[in-house]
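The values are calculated or read from the model by the stated rules, or taken from the named source; none is laboratory data. Bear in mind the structure is a predicted one, so any value in this text is a computation, not a measurement. Neighbour counts run over all protein chains shown; Cβ positions are idealised from the backbone, glycine included. Keep in mind that these areas ignore ligands, DNA and RNA; they rest on the heavy atoms of the full protein, side chains included. Shrake-Rupley method; radii C 1.70, N 1.55, O 1.52, S 1.80 Å.
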Amino acid sequence: MPMPHDLLLSSGFLAFARHVGVVQAIEAADMPIDAVVGTSSGALVGALWAAGHSGAHLEVLLQSRQPWQLLRPHTRPWQGAMSMQALVAFLRPLLPETFAQLPRPLAVGVVAHRGQHQLLRSGPLVEAVTASCAMPYVFAPVQIGTTRYQDGGAADRMGLDAWRAWRPDRQALAHEVARTAGVDVRADLTGVSVVQTPRSGASFFSLGDFSRQVAEARALAETAIRTLQTAPAA
């Protein structure tokens, strides 16, 4: 039986297809995943997958709308040009209300209003995921309780150090989409296998050839997972 790993999904501009390809490869390999950490596009795909949506379903679901269809001008543009409310409405029927209702542990990378990176692991789920997707200046922050949060990739695209603090002594498969924006933080990769995929090439007007992007990422992930599963135990 392969050793269970956690799954880390980086931020990446509209990189939903890349993440879907990775989770499809994980499913095909029957690789056991204990917990998921996602940031920005990785938070959205990771949350949906942790909630039980299969990789095949996600491939259909996430190309059913173009990004511009989820854009709404914000009534206070000085906070961010666009509102996250349309994304909230899209996700609401697809996710449970709270993190605690998920079948497996999930954490999403955000930054608080002063720029501190953290992982949200409890509380309202849809709001946390949309906050993790709220790119500074483009989208207004999402308020949860008394704190406003935005895209964690602005401080740490992967959140490896925060994951390790939460889940010490665990091993992980990390998917890193090539950087478009945000901050790559150097971190200790002991016990972490990294799958690297190209940028999505998507824009707010078009996600591009979604299925081709999925297939490319899946092939890269399958190679990495085979290597991981055939490596001698430490």
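A few remarks follow.
- The packing ranking of peptides 3-10, 210-217, highest mean first, is 3-10, 210-217, where packing means the average number of other beta carbon atoms within 10 angstrom of each residue.
- The spread of Cα positions in the stretch 171-225, taken along each principal axis and listed from longest to shortest, comes to 38, 27, 12 Å.
- Restricting attention to the chain, close to 40% of DSSP beta bridges with both partner residues there are antiparallel.
- Convex hull projection area averaged over all views, the chain, Cα basis, nm²: 11.7
- Entry comment: accessible area of the chain is 47 Å² per residue, from protein heavy atoms only and a probe of 1.4 Å.
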